[in-house]
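The values are calculated or read from the model by the stated rules, or taken from the named source; none is laboratory data. Remember, predicted model here, so these are calculated numbers, not experimental data. In this analysis, Cβ positions are derived from the backbone assuming ideal geometry, glycine residues included, and neighbour counts consider all displayed protein chains. Accessible surface is based on the protein model in full, side chains and every heavy atom, while ligands, DNA and RNA are left aside. Shrake-Rupley method; radii C 1.70, N 1.55, O 1.52, S 1.80 Å.
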Amino acid sequence: MCGIVGLLCANSNRLDDRETVVRRMMRSLRHRGPDDEGCWVEDEVALGHRRLSILDLSEAGAQPMHSVCGRYVIAFNGEIYNHLEMRRDLEKVGASTTWQGHSDTETLLACIMHWDLDETLQRAKGMFALALWDRSNKQLSLARDRMGEKPLYWGWAGHALVFGSELKALRAHPDCPRDVCREALAQYLRFMYVPAPRSIHPGLYKLEPGAILTVVGAPPSTPPEEPIRPGGHHGSISIRRYWDLNAEIEAGAQNQIEDNGDAVAALGEVLGKAVQRQMISDVPLGAFLSGGVDSSAIVALMQAQSARPVQTFTIGFDEATFDESTYAAAVASHLGTAHTKVRVTDKDARDVIPHLPELYDEPFADSSQIPTHLVCRAARQHVTVALSGDGGDELFGGYNRYFWGPKIWDRFALLPHPLRKGLGKVIRSVPLSVWDAAGSKYNRLRFGSTGISKLGDKAHRLGDHLRTVRTTDDLYRSLVSEWTLEAGIMLSISKDPTSQLDDPLPENGVDDPAMLMMVQDMRSYLPDDILCKVDRAAMGVSLETRTPFLDPDVIALAARLPMAAKIRDGQGKWALRQVLYQHVPREMIERPKVGFAIPIGIWLRGPLRDWAEELLSHERLEKDGFFDPKIIRQTWAEHLSGRRDWTARIWAILMFQAWKIAQK
């Protein structure tokens, strides 16, 4: 795992201190690669690399690396798990090579020499972001792995094209833009993250997963008016896909595994091989274990293939509602892992908050970023690599919205939209107190106690969905949205910017509403929220994370499973659970799904209140000119009163405000 940076000048005479600038960019990524660094400059191009040594710890793995023929130079971040197999494939086709070491970077260069970049990446099973310079054709190529495990930003700093693993590397260039892209800000408020291809700065972008960007000759001197999408171009820059999620879904739909036994057996075999591939390392390796389905399945398959106890890590919280450490300990004990539980206090978690803008570079409002960073920090004290269960929910149907979202749609889809809209208005017109009283009465009759009812909050959210939803895709967007433009919070933006969610869906394989939601999550939420969260949280402490669920063979197998093998009887991940139950008793796993969360909403009414109040002051908001202060202040007051739970909305504003201050 490493960090890469670089630049390409339109004129080799425009920037005489290219190496100085690139080394400054490299220093900003020292956390991604504390072991070594390398810089290479030639004419109009410069490449930089920070190294976290995982495979081939010798100098033979140092970067930027040159191909044997001298034509190519590469800066590579990631791991190619099947690179030894790719070496054998080269030998089979007669491409004899004298290997200098056993790094996957050297393998990539040899394969590119023989097959070209596209075919090499199609053969590769791994996570990566890379920059490849073709010295013969004066051509720069940037590429990113299929699902977006590794980040890659690119864009303009003055007249230079710059790129790097994190935005902070691009901002280290003296001419990098610092303004806020209002379209990106509008998308951030809706989704709680900035979806690719935009970044929070105008003229700087995220390369989309599964794509290759190519610059032939000198780059254009200015950015395009709209982000370049795969299949598009801007002057000498073009972007293409070497792998397409839609094609994968369509191929799976044409080759479904109908037999339940065959589905479970195939999943166990394919996932087991993916785990085996990702356990290859020349440094200490472990895994995260929450005690849930996904992480337990990964750890179970690791332990089944390991001659020694796997090192596993979890964190426990003082707040019992959010603490799953006892479940993780039970699974670890059953499997026989070497388990480490780190007890985290509320203060430990809150102490991470001031560092979030530095960790994430742009506004990011998934509050599970805090416990994720804490567990990564704990694991890094023992290992350099950790496997995780990320991707299991999106591939196998784990999120609650996949269950009750379609139920809502089934009940109300037959009603004409004007009638649904009217029903939504009626639901919204009933005061929160009335809904809450009804909820308390229901609790008293059903459970013998009232407890605290938030039926009003849920009812009003349902009313909002009914008023705006016309299609299944509308339903998905409604479920994943927080601040929408209709709320009137954004100043000077009146139209929703486009994103990957607007791309055409697969032609077949998405007839089920739940599957449509899963595809949309795989396009945007998975790479731009989940994988971004884990990458920054882990690399902030120089820890490499790996995700076996995102192995290409596992993705292809998941596409072949019918919906009944994913969601059955109101419960997700059916086939995956059957694989897990071969290693862990069912009763250890079966419990309601709990997200990796902390009580942010409670803290905002208590120990974080003064901090939040300062960031949300009317004067500050009015001076900044991004948001309508009245709407935010009203939302803040409602949250403080306890009548509404606006945790997500408030956290989004706070993370933007904190990020903006950190940039000054």
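Considering every residue within segment 587-600, establish whether at least one is surrounded by 15 or more Cβ atoms within 10 Å (Cβ to Cβ), in contact (Cβ under 8 Å) with a residue 24 or more places away in the chain and over 19 Å from Ala365 (Cα atoms). Yes, that holds for at least one residue.
Out of Met655, Met563, I need the residue that is farther than 27 Å from Val375 by Cα, surrounded by 15 or more Cβ atoms within 10 Å (Cβ to Cβ) and under 28 Å from the mean Cα position of the chain (by Cα). Which one?
Values: Met655 fails: farther than 27 Å from Val375 by Cα.
Being farther than 27 Å from Val375 by Cα, surrounded by 15 or more Cβ atoms within 10 Å (Cβ to Cβ) and under 28 Å from the mean Cα position of the chain (by Cα) holds for just one of Met655, Met563, which is Met563.
If you check Val215 against the conditions, is it open to solvent by less than 20 Å² (accessible area, probe 1.4 Å), in a loop (DSSP other than H, G, I, E, B) and either of a type in the set (Phe, Trp, Tyr) or in contact with a strand residue (DSSP E or B) (Cβ under 9 Å, 6 or more places away or on another chain) (or both)? Show your work before the answer.
Values: open to solvent by less than 20 Å² (accessible area, probe 1.4 Å): yes; in a loop (DSSP other than H, G, I, E, B): no; either of a type in the set (Phe, Trp, Tyr) or in contact with a strand residue (DSSP E or B) (Cβ under 9 Å, 6 or more places away or on another chain) (or both): yes.
No, not satisfied.
Screening Ala143 against (1) in contact (Cβ under 8 Å) with a residue 12 or more places away in the chain; (2) open to solvent by 40 Å² or more (accessible area, probe 1.4 Å) leaves a single unmet condition, (2). Say whether the condition of being within 24 Å of the chain's Cα centre (by Cα) and assigned to a loop (DSSP other than H, G, I, E, B) is met by at least one residue in segment 185-192. Yes; the residues of segment 185-192 include at least one that is within 24 Å of the chain's Cα centre (by Cα) and assigned to a loop (DSSP other than H, G, I, E, B).
Look at Ser478 and say whether it is of a type outside the set (A, V, I, L, M, F, W, C) and in contact with a Pro (Cβ under 6 Å, 6 or more places away or on another chain).
On the way: of a type outside the set (A, V, I, L, M, F, W, C): yes; in contact with a Pro (Cβ under 6 Å, 6 or more places away or on another chain): no.
When the stated conditions are applied, Ser478 does not pass them.
Counting only helices (runs of 4 or more DSSP H) that sit completely within segment 435-537, those holding 1 or more residues that are modelled with pLDDT under 95 and surrounded by fewer than 19 Cβ atoms within 10 Å (Cβ to Cβ) correspond to 455-468, 472-480. The residue of segment 576-585 that is surrounded by the most Cβ atoms within 10 Å (Cβ to Cβ), among those that are touching a residue at least 40 places away in the same chain (Cβ under 8 Å) and over 24 Å from the mean Cα position of the chain (by Cα), is Leu580. Within segment 218-255, restricting attention to residues that are open to solvent by 30 Å² or more (accessible area, probe 1.4 Å) and in contact with a helix residue (DSSP H, G or I) (Cβ under 6 Å, 6 or more places away or on another chain), the residue that is farthest from Pro195 (Cα to Cα) is Asn255. Given the structure, is Gly424 part of a loop (DSSP other than H, G, I, E, B) and modelled with pLDDT under 80? In short, no. Within segment 32-49, the residues that satisfy the criterion of being open to solvent by less than 20 Å² (accessible area, probe 1.4 Å) and at pLDDT 90 or above are Arg32, Gly38, Val45, Ala46, Leu47, Gly48, His49. Residues that are among the hydroxyl-bearing types (Ser, Thr, Tyr) and touching a residue at least 12 places away in the same chain (Cβ under 8 Å) number at least 2 in the following helices (runs of 4 or more DSSP H) confined to segment 229-309: 293-304. Would segment 275-286 turn up any residue that is open to solvent by 50 Å² or more (accessible area, probe 1.4 Å) and in contact with an Asp or Glu (Cβ under 8 Å, 6 or more places away or on another chain)? Yes, segment 275-286 has at least one match. In segment 617-638, the residues that are touching a residue at least 60 places away in the same chain (Cβ under 8 Å) reach residues that are open to solvent by 60 Å² or more (accessible area, probe 1.4 Å) with C-beta atoms within less than 8 angstrom, at least six apart or across chains, in these pairs: Gly625/Leu491; Phe626/Arg182; Phe626/Leu491; Phe627/Leu491; Asp628/Leu491.
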